1. Run the dipole for segment 49-184 about the Cα centre, Lys and Arg Cβ at +1, Asp and Glu Cβ at -1, nothing else charged, and hand back the magnitude in debye, nearest 20.
2. Hey, quick one: spin label on Ala43, modelled 7 Å out along Cα-Cβ, who in segment 95-137 has an amide N within reach, i.e. under 15 Å?
3. Fewest Cβ neighbours within 10 Å first, please rank Asp30, Asp113 accordingly.
4. Among Asn105, Phe133, Phe83, flag the residue with its Cα farthest along the positive direction of the charge dipole of the chain, charges on Cβ as +1 for Lys/Arg and -1 for Asp/Glu.
5. Can you put Ile170, Ile181, Ile36 in order, fewest other beta carbons within 10 Å first?
6. Quick one: work out Rg over Rh on the C-alpha atoms of segment 25-135, Rh as Kirkwood radius.
7. How much net charge surrounds Val93 when only other residues with a Cβ under 15 Å from its Cβ are counted (Lys, Arg +1; Asp, Glu -1)?
8. Among Asn123, Asn26, Asn105, determine the one that fluctuates most according to a GNM of the chain built with springs between C-alpha atoms less than 10 Å apart.
Amino acid sequence: MMYYIKLSAILFLICAVAAGILAYVNGITDPRIRKIQEEKETATRAELIPEADFPEVKGTLDTTFVYQRAIDKKSGELKGYTFVASRSGYSSVIKTMVGVDTLFNVIAIRVIDQKETPGLGANCTAEKFTDQFKERDISRLVLDKDGGGEGAVVSIAGSTITTRAITSSIRITLEKLQAEIKAAQGGEQ
């Protein structure tokens, strides 16, 4: 009986030390990881809407939706908005950063986080896929397999779930942005 108590105590001690070390290392690395992610997002925004500054983060009252205004560096006029759209794909939550102009047409997209199947869903980061979103308005953010017809977003072969997740997340989040901006402007635009 004493043997099992001693064994349990040793195992508990080893687990406690390992948990403490893990917590310590996480405390050191977490701020660095967050800083790198912020720098990556800033660089992605600059790619999506070039020659623009992103002075502040805007959000809805319930803070479930956050976007940034893109202000032209030369003229100081509003160029558009950026936001992150996310939705569950086949293997993971897919996060896509989207840049839109002031008429809510997509300028460009970048998939910033995904863990989809290599060779299939992971192809969502390829320019061949992301470029087809350029200059699309909300009504044209429909997947070909969902009855989008001619001009619809073409699915990645073998990755309909991933493609559908990206397309619908962009459409839904863009609708939120449009409603938010129209409400803030009193129904204008």
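Bear in mind these aren't lab numbers, they're just calculated from the coordinates by the rules spelled out. Please read all numbers here as calculations on a predicted model, not as lab measurements. As a convention, Cβ positions derive from the backbone with ideal geometry for all residues, glycine included, and neighbour counts pool all protein chains shown.
1. I would put it at about 200 debye.
2. The answer is 110-113, whose backbone nitrogens lie closer than 15 Å to the label point.
3. On the way: Asp30 10, Asp113 14.
Going from least to most buried by this count: Asp30, Asp113.
4. Phe83
5. Details: Ile170 23, Ile181 18, Ile36 10.
In order of increasing Cβ crowding within 10 Å: Ile36, Ile181, Ile170.
6. Dividing the radius of gyration by the Kirkwood radius yields 1.00.
7. +2
8. Asn26
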